[in-house]
1. Give 118, 77 a once-over and let me know the one that is out of contact with any Gly (no Cβ under 7 Å at 6 or more places or on another chain) and buried (at least 18 other Cβ atoms within 10 Å of the Cβ).
2. Checking the condition more than 25 Å from residue 108 (Cα to Cα), at pLDDT below 90 and under 22 Å from the mean Cα position of the chain (by Cα), which residue from 21, 46 passes?
3. Being under 17 Å from residue 107 (Cβ atoms) and either in contact with a Ser or Thr (Cβ under 9 Å, 6 or more places away or on another chain) or not hydrophobic (A, V, I, L, M, F, W, C) (or both) is the filter here, so list the residues in the stretch 49-71 that pass it.
4. Kindly provide the set of residues from the stretch 84-95 that are open to solvent by less than 30 Å² (accessible area, probe 1.4 Å) and assigned to a helix (DSSP H, G or I), ordered by number.
5. Could you tell me which residue of the stretch 1-53 is surrounded by the most Cβ atoms within 10 Å (Cβ to Cβ), considering only residues that are more than 23 Å from residue 144 (Cβ to Cβ) and of a type in the set (Val, Ile, Thr)?
6. Which of the residues that make up the stretch 152-200 are part of a strand (DSSP E or B) and surrounded by fewer than 19 Cβ atoms within 10 Å (Cβ to Cβ)?
7. So which residues in the stretch 1-35 are assigned to a helix (DSSP H, G or I) and under 20 Å from residue 319 (Cβ atoms), if there are any at all?
8. So, in the stretch 400-459, of the ones that are open to solvent by less than 40 Å² (accessible area, probe 1.4 Å) and among the aromatic types (Phe, Trp, Tyr), which residue ends up farthest from residue 388 (Cα to Cα)?
Amino acid sequence: MFTDRTEAGRRLAVRLGHLRGQDDVVVLGLPRGGVPIAFEVARELGAPLDVILVRKLGVPVQPELGFGAIGEDGVRVVDPGVVRMAGLRPEEMARVEEHEREVLAQRAERFREGRPGVPLAGRTAVVVDDGIATGSTARAACRVARAHGAARVVLAAPVCAPDVEARLGHDADEIVCLVAPGSLGAIGQWYEDFTQVDDKEVVDLLNRAGSEPVGSREAPAETGAEAGEAWEVRIPIGETTLSGTLTVPVGAPGVVVFVHGSGSSRHSPRNRYVAEVLNDAGLGTLLFDLLTPEEEGDRANVFDISLLAGRLERVTGWLREHLSVPRIGYFGASTGAAAALWAAAGQGGGGTGGDTDAGMRSGGGTGGGGGIAAVVSRGGRPDLAGPRLAEVSAPTLLIVGGWDEQVLELNEAAQERLRCENRLEVVPGATHLFEEPGTLETAAALARDWFARHLRGDG
């Protein structure tokens, strides 16, 4: 399910996107395995990173049974029910606590190297671990964060037991989990690389986080947010899993989903170049493959627009579930453009409307709200969307090479059937693949401006 803790942390950060930009958020990693994941979450949220150090207070004759937990600064949480059940005397409890406080102090010194902990009073504490099985440590961490004055506690992990909500719902205000399988097993089996994290790595991550100014990645959208790091995602579609590359700059107003056509993939240099142009403009991108390598071997699948559009709709649903962004756009090439228009027709539009610039072939209408914000077709086959063209309400830009005469004619005919806001841009001197010098750059700039206008609301 996850390549390693770094990838898991980036994916978890996507789900926690609703916390991005909130000044009161503090991310707390549970040493040791939770810290690499918490590091990625803190970077994406623009929040400070710290460790949350807890020690379970175990019943002397049954150490695995905790009668409470302790944290730094004298924080102590006790479960009276367990104390009564075990018949614990005050002196027994005191001996256990004294030993655990020594261990706690040693770990605090080792990890923080003398630095004070980040204050939690009145703040939102995001407690992060690499997995939650029994939940005892997570419960203790949540209670310790609350005892330190946290106004809100969010518990987050890539993989959790299926009953984590029932077990810990009273200890955390919100629980965020990417995967909650019916049969959890060992946490490590959900990672390809689950190498043990040592103390040095924890210290290094805390030092790295401390050297970056909080919120330094929050570049204003109008000045061009820096391109965010890309990470690989796996999108379940029924019994099939599709691979993709997701990039979301901080503050991105939306994500553009790339819908590849015949003979193309998310690794296509042309698609990746256009995606980089969009990322530099502060827009998110998802490049994914509509078909598995085995399915691509059957050419009929490449031209099965209904199949491709259906998968695109499900990927769009996955994206909306896992990513907190206001708007989604489609960028389609070849047969992928037909799939993009077909899928957009089924989801309504989210365009902003606007005037048509001189020198462009244009059609009227404005997009509706709540669906796909915009569609761009590069060298596409919109004609293959057939009767669905008239149902598209998302603002649509058709980009065609001037020397791609047959496809240009098909785009002109398709444009006549569109009822949404639309434009047809012809790039002089370009053939179907936009291989001629400067032509791909022109197409990418046109796509960037179209998406910026409709996803970000630029004039």
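1. Being out of contact with any Gly (no Cβ under 7 Å at 6 or more places or on another chain) and buried (at least 18 other Cβ atoms within 10 Å of the Cβ) holds for just one of 118, 77, which is 118.
2. The match here is 21.
3. Of everything in the stretch 49-71, those that are under 17 Å from residue 107 (Cβ atoms) and either in contact with a Ser or Thr (Cβ under 9 Å, 6 or more places away or on another chain) or not hydrophobic (A, V, I, L, M, F, W, C) (or both) turn out to be 50, 54, 55, 56, 58, 69, 71.
4. 93
5. Looking at the filtered set, the residue picked out is 14.
6. If the condition is that a residue be part of a strand (DSSP E or B) and surrounded by fewer than 19 Cβ atoms within 10 Å (Cβ to Cβ), then 152, 174, 178, 179 are the ones that fit.
7. Scanning the stretch 1-35 gives 7, 8, 9, 10, 11, 12, 13, 14, 15, 17, 18, 19.
8. It comes out as 434.
The values are calculated or read from the model by the stated rules, or taken from the named source; none is laboratory data. What you see is a predicted model; the values in this text were computed from it and never measured. Backbone-built Cβ (ideal geometry, glycine too); neighbour counts: all protein chains shown. In case anyone asks, the SASA skips ligands and DNA or RNA and just uses the protein heavy atoms, side chains included. Shrake-Rupley method; radii C 1.70, N 1.55, O 1.52, S 1.80 Å.
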